[in-house]
Amino acid sequence: MIKSRKALHALSPEEFSLLHAADFRHRVEQQVLPALWDGKLVIADRFLFTGLARDVARGLDLDWVLKLYQPLLWPDLVFYFAVSPATSGRRVVGDADAAASTKPARTSPHVDDPVESYQRFITRVIREYESLALIFNFITVDAERSIGEQHRQIRGLFRDGAQRPWSDWNADAVADWLAIGGGAA
Amino acid sequence: MTARKPAFTAVDGIDGAAIVAAARTALASIDREARGGISHWDASGLFGEAAVAGDEAGRPSARTLLLLYAADLAFRLRWEIRPALAEGRGVVAAPYVDTAVAFGRAAGIERAWLANLFQFAPRPNQRRFADEAARSRRGHGFVEFALEHAT
């Protein structure tokens, strides 16, 4: 639903943010919380922070966007793969799927050159990610390094944090989910 | 002589058919040359798409439906309501914010969350409530949809 509308450039920043919040809420209720409730481990590639960084970079108010995602479900670990805007641009252009999409052109509608548009946008997104990384204590991974090096680092960090109890700060999110029948056998 | 502010009327209620009937009455009360039109829910087609989603997608919660409603309302404001008002025409939003807030409160959702969700929606000049069910046909408004599809 989101992809087809995005391809048509038919979404305003508010509509994009609200649709992503709806999609996120649905996935949390239908996939993430049921799996956690069953004692499974969940890896989310990407979580709410991506939406926050992207929406704030598009000019929306952080507080308004953050409240859309309430009740919040905080991950136990957040890995942030940090790259420069230049590296991000090179990887997007080098990625056949991404290059075939209209993503760069969509990002800054007042800039004609899609590469320039993407560079401006991703620079703002990275700035927001860096702020969020400080506020929410992300584990920053240097994604300029090789995939092998990043892989080894992630494995080490993940092993250290594998055995964790339920987080108390997720009580509101779990209670909200149980109230709508989540966790029923 | 001062320019008259274009009328922006919100019609809310729980019965889809009654909302449509009340919206038509509200529109008819606007001078013919200043009539913009009625902005109905699901102008964006989001709920139509959600209705045909497979069972494997799972039933959405009330909160998810409200986020979709807000996305649809943002669409309606951008393409229907604000352009009509900018042309100096009166427009009727049927339903608007109060229908969704009432549904959300009935579903147990916090008032503060709902207030934040609809912060982007401008206040209408007039608010009407469609409290008489139109018995001639079954309505298919947001509340009926939500009761049919939500968990």
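Regarding the range B:30-46, can at least one residue be identified that is within 22 Å of B:ASP15 (Cβ to Cβ), within 9 Å of another protein chain (Cβ to nearest Cβ) and in contact (Cβ under 8 Å) with a residue 60 or more places away in the chain?
No: the range B:30-46 contains no residue that is within 22 Å of B:ASP15 (Cβ to Cβ), within 9 Å of another protein chain (Cβ to nearest Cβ) and in contact (Cβ under 8 Å) with a residue 60 or more places away in the chain.
Just wondering, is there one or more residues in the range A:26-46 that are assigned to a loop (DSSP other than H, G, I, E, B) and touching an Asp or Glu at 6+ places or on another chain (Cβ under 9 Å)?
Within the range A:26-46, none of the residues are assigned to a loop (DSSP other than H, G, I, E, B) and touching an Asp or Glu at 6+ places or on another chain (Cβ under 9 Å).
Mind checking which residues of the range A:31-54 are surrounded by 15 or more Cβ atoms within 10 Å (Cβ to Cβ), within 14 Å of chain B (Cβ to nearest Cβ) and either modelled with pLDDT of 95 or more or within 15 Å of A:ASN170 (Cβ to Cβ) (or both)?
A:VAL32, A:LEU33, A:PRO34, A:LEU48
Could you please let me know if B:THR99 is under 13 Å from the mean Cα position of the chain (by Cα), within 20 Å of A:GLU15 (Cβ to Cβ) and more than 14 Å from every other protein chain (Cβ to nearest Cβ)?
yes
Of the numbered conditions (1) at pLDDT below 85; (2) surrounded by 13 or more Cβ atoms within 10 Å (Cβ to Cβ); (3) assigned to a helix (DSSP H, G or I), A:GLY182 satisfies every one except a single condition; which is it?
Looking at each condition in turn, A:GLY182 falls short on (3).
For the range B:114-122, indicate whether the set of residues that are small (Gly, Ala, Ser) and within 12 Å of the chain's Cα centre (by Cα) is non-empty.
yes
For the range B:44-64, how many residues meet the condition of being crowded, with 17+ Cβ neighbours inside 10 Å and not charged (D, E, K, R)?
8
Would you pick out the residues in the range B:55-78 that are more than 9 Å from every other protein chain (Cβ to nearest Cβ) and at pLDDT below 95?
B:ASP55, B:GLU56
If we scan the range B:20-31, do we find a residue that is of a type outside the set (D, E, K, R) and either at pLDDT below 90 or part of a loop (DSSP other than H, G, I, E, B) (or both)?
Looking through the range B:20-31, at least one residue is of a type outside the set (D, E, K, R) and either at pLDDT below 90 or part of a loop (DSSP other than H, G, I, E, B) (or both).
Regarding the range A:8-18, can at least one residue be identified that is of a type in the set (Ser, Thr, Tyr), assigned to a loop (DSSP other than H, G, I, E, B) and surrounded by 19 or more Cβ atoms within 10 Å (Cβ to Cβ)?
no
The values are calculated or read from the model by the stated rules, or taken from the named source; none is laboratory data. The shown structure was predicted, so the numbers you read here are calculated from the model rather than taken from an experiment. Positions of Cβ are backbone-derived with ideal geometry, glycine not excepted, and every protein chain shown enters the neighbour counts.
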